[in-house]
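The structure under discussion appears below in the form of structure tokens.
The values are calculated or read from the model by the stated rules, or taken from the named source; none is laboratory data. It should be emphasised that the depicted structure is a prediction, and the values quoted were computed from it without experimental measurement. Counting neighbours? That spans all protein chains shown, and the Cβs are built from the backbone with ideal geometry, glycine included. Calculation scope for accessible area: heavy atoms of the full protein, side chains included, ligands and nucleic acids excluded. Shrake-Rupley method; radii C 1.70, N 1.55, O 1.52, S 1.80 Å.
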Amino acid sequence: MAENEIELTRRCLGGDSSAFSGILEIYQDRVYSFALRLLKDPQAAEDAAQETFVKAFRGLSSYDPACPFAPWLFRIAHNAAMDALRARNKTVSMDAEDFSDLPDGAVPVEDGVGAALDAERIEALLASLPPLYSEVLLLQYREDMGPAEIARVINAPEGTVKNRLFRAREMMKAKMAADPELMQPFTGRGRIEGETVI
Amino acid sequence: MNADNTEKLIAKAIAALPYSSPRAGFGARVMAAIEEQAAAETWLQRALKAGGVIVAAWSAGLSFLAARLIHANFGNIAAALIEPGGVSRAFSLLAAHGALILAKLAAAAPLIAGWALDAMPPYHEMTAAAILCAAAVAPLARIRTAADKN
């Protein structure tokens, strides 16, 4: 956690509510983007992000300053997003049909394809996954959290997180293998440079 | 394609995803929502405090009335207590006086209930109850004082 964040959280915990606007500024895009990628609806994502910050402010006394702030905040965001998904009657389940297209073992992707995943394509891939799986990928790679921190965010055992991460990656690979278009070279905005996969 | 490389590619692609921003004024809306909730909580706390004050006022009023009742009838009570079987007679005397006071208080209850049914805000209701409480206690205290003089 950056020095500025530590200072802001310390001031908030000390009763200085104006310091919370600094925390809000630091995290609003991260929390909103996280909610948007799970809910796929800007208004619902904004509502979930707002709920996250309001609950975070009210629950600041339960935050342990010895622990990183981001997992604590993302846990509230996770709960808000899951509540929103449930309210929409979207299934947030671990049923087998959620990943019926997932083959066993590593997925071979067509050889010799110059690989590049631009932002739009990876967004599309993530959006095609059930929220439980896209969520762990986002937390690990975009928010740079380890399995232990993700476990705290989603309130699940670390083994479950690792399992979900594995399955999520396999699902991504399966979808990439099924749609070679995704692996075509792309020169647009958000391209990941320097990756040629053989 | 090598599976490890694919995983690295996925990881890099996700890590490079841009963050989206909420609509302009998001921060202000969040802070307004926080303030709104804080204001609602303040009202709740005030209402609870007002409730506590009213309960305390009623308790004090009833204790005061009980003390005056005993004081006003101290001679009768003392005499009754000295006589054989006087304890039960003293309690009966106190119970009769208490029942009279409760009947007067009960007469004010429909008025309070009528106001409550009009769906007044809780703090108005509590203020009204406090005024009624004072209005009920003061005349009763005066009655006992007049009885003392006689």
_From the options B:17, B:65, residue that is surrounded by 13 or more Cβ atoms within 10 Å (Cβ to Cβ) and in contact with an Asp or Glu (Cβ under 8 Å, 6 or more places away or on another chain)_ = B:17
*Could you identify the single residue in A:11, A:86 that is within 19 Å of the chain's Cα centre (by Cα), away from chain B (no Cβ under 14 Å) and without any contact (Cβ under 8 Å) to a residue 24 or more places away in the chain?*
A:86
*asked:* Just to check your reading of the model, which residue among B:63, B:92 is over 22 Å from the mean Cα position of the chain (by Cα) and of a type in the set (Ser, Thr, Tyr)?
replied: B:92
*Output the residues belonging to the stretch A:162-176 that are of a type in the set (A, V, I, L, M, F, W, C) and open to solvent by less than 40 Å² (accessible area, probe 1.4 Å).*
A:165, A:168, A:171, A:172, A:174, A:176
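Looking at the stretch A:121-157 only, could you name the residues that are over 20 Å from residue A:73 (Cβ atoms) and in a helix (DSSP H, G or I)?
Result: A:121, A:122, A:123, A:124, A:125, A:126, A:127, A:128, A:133.
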*Quick one: would you say residue A:24 is facing chain B (nearest Cβ under 9 Å), surrounded by 14 or more Cβ atoms within 10 Å (Cβ to Cβ) and farther than 18 Å from residue A:72 by Cβ?*
no
*asked:* Just checking, does the stretch A:112-126 include any residue being at pLDDT below 90 and either open to solvent by 80 Å² or more (accessible area, probe 1.4 Å) or on the phi > 0 side of the Ramachandran plot (or both)?
replied: yes
_For the stretch B:3-14, check the following and say yes or no: at least one residue is modelled with pLDDT under 85, open to solvent by less than 60 Å² (accessible area, probe 1.4 Å) and more than 14 Å from chain A (Cβ to nearest Cβ)._
no
*Lone qualifier among B:22, B:84 - being assigned to a loop (DSSP other than H, G, I, E, B), more than 35 Å from the chain's Cα centre (by Cα) and within 14 Å of chain A (Cβ to nearest Cβ)*: B:22
_Being of a type in the set (A, V, I, L, M, F, W, C) and open to solvent by 30 Å² or more (accessible area, probe 1.4 Å) is the requirement here; does residue A:56 meet it?_
no
*Given the residues B:80, B:38, which is the only one that is surrounded by 11 or more Cβ atoms within 10 Å (Cβ to Cβ) and touching a helix residue (DSSP H, G or I) at 6+ places or on another chain (Cβ under 6 Å)?*
B:80
*Which pairs do you get when a residue that is more than 10 Å from chain B (Cβ to nearest Cβ) and closer than 19 Å to residue A:40 by Cβ, found in the stretch A:135-146, comes within reach of a residue that is of a type in the set (Lys, Arg) and outside any loop (DSSP other than H, G, I, E, B), reach meaning Cβ atoms under 6 angstrom, with the pair 6+ apart or on two chains?*
A:136/A:164
